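Each remark here refers to the structure printed beneath this line.
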Amino acid sequence: MPAYNAAKTLHMTYAELPHDVVDLVIVVDDGSKDETIRIARELGLELFVHNRNYGYGANQKTCYREALRAGAGIIVMVHPDYQYDPTLLPQIIRPIQEGKADVVLGSRLLNGDPMSGGMPWWKYISNRFLTWAENTVFGLSLAEYHTGYRAYTREALESVNVEMNSDNFIFDQEIMAQFVEVGARVDEVPVPTRYFPQASSASLVQSSIYGLSILWLLARLLLHRMGLVKQKQFISLQRRYSRVMAASR
């Protein structure tokens, strides 16, 4: 759980996790100014604290690094702001467990109307446009990419160069571009969301910057594919080398 000022919702999110399925809950606090750290400690969670606010992408980098270090086979990110339903975690990981996917996104737009749950109309319209653009470039047909409920296999995370991604919100789309480039299998499952004052929500200005950043990301990916401007970010670390067996004697 990448946390930032999540004191009012962290306990609710944690309490509704299916603890018979989850082996370890990691919270990374990104310089919160509220009681997030105190609550995480009281809940006995595996807690890591940034020495200042580095950004949403930087928070995820620490989350994944520590999850892999802990030996996780399936890593699920859920925002601790209680916007996404924690009880749906078994559905999120099912495509991975069944061997059908390496990456699973929890979609607010799959089989549902997010505006009825409180999503602002301007966010819905921009989500539709950006998802269309990403589907066109990625060659996929997903309902949306802009979700804070995601599951990855260990192998998927280890196959991409996560550390080269942004420390900001565009991280979510950069890692998706990386997964597409290494041929990861992507699936999605429907998840309802809640919109309320305590839930995190980007402003119109922040969302506009985020949208423009996605378009620039897609342009860079296309330039990379055409060989015009090669981007190390989109090249799998594991594809740079292969094992050579010793000569037989």
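The values are calculated or read from the model by the stated rules, or taken from the named source; none is laboratory data. Just so it is clear, the structure is predicted and the values come from calculations on it, not from any experiment. For neighbour counting, all protein chains shown are included, and Cβ atoms are generated from backbone atoms with ideal geometry for every residue, glycine included. Note: areas computed on protein heavy atoms with side chains; ligands, DNA, RNA excluded. Shrake-Rupley method; radii C 1.70, N 1.55, O 1.52, S 1.80 Å.
Beta carbons closer than 9 Å, at least 6 apart along the sequence or on distinct chains, pair a first residue in segment 206-232 that is over 20 Å from Lys123 (Cα atoms) with a second that is outside any helix (DSSP H, G or I) and open to solvent by 40 Å² or more (accessible area, probe 1.4 Å) for Arg220/Val229; Leu222/Leu228; Leu223/Val229; Leu223/Lys230; His224/Lys230; His224/Ile235.
Residues that are buried (at least 16 other Cβ atoms within 10 Å of the Cβ), modelled with pLDDT under 95, in contact with a Pro (Cβ under 9 Å, 6 or more places away or on another chain) and within 25 Å of His50 (Cα to Cα): does segment 214-235 have at least one? No, every residue in segment 214-235 fails to be buried (at least 16 other Cβ atoms within 10 Å of the Cβ), modelled with pLDDT under 95, in contact with a Pro (Cβ under 9 Å, 6 or more places away or on another chain) and within 25 Å of His50 (Cα to Cα).
Hey, could you check segment 14-34 for residues that are part of a loop (DSSP other than H, G, I, E, B) and without any contact (Cβ under 8 Å) to a residue 40 or more places away in the chain and say which is nearest to Pro2 (Cα to Cα)? So the residue we want is Asp30.
All conditions but one from (1) open to solvent by 10 Å² or more (accessible area, probe 1.4 Å); (2) in a strand (DSSP E or B) apply to Tyr152; the one that does not is (1). Restricting the search to strands (runs of 3 or more DSSP E) fully inside segment 35-140 and requiring at least 3 residues that are in contact with a Leu (Cβ under 8 Å, 6 or more places away or on another chain) gives 74-78, 103-107.
Condition check ((1) touching a Phe, Trp or Tyr at 6+ places or on another chain (Cβ under 7 Å); (2) open to solvent by less than 50 Å² (accessible area, probe 1.4 Å); (3) not basic (Lys, Arg)) across all residues:
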residue: Val25; (1), (2), (3): yes, yes, yes
residue: Asp30; (1), (2), (3): yes, yes, yes
residue: Ile37; (1), (2), (3): no, no, yes
residue: Arg41; (1), (2), (3): no, no, no
residue: His50; (1), (2), (3): no, yes, yes
residue: Ala58; (1), (2), (3): no, yes, yes
residue: Arg65; (1), (2), (3): no, no, no
residue: Ala70; (1), (2), (3): no, no, yes
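One residue alone among Ala246, Ala199 is at pLDDT below 95 and within 20 Å of the chain's Cα centre (by Cα), and that residue is Ala199.
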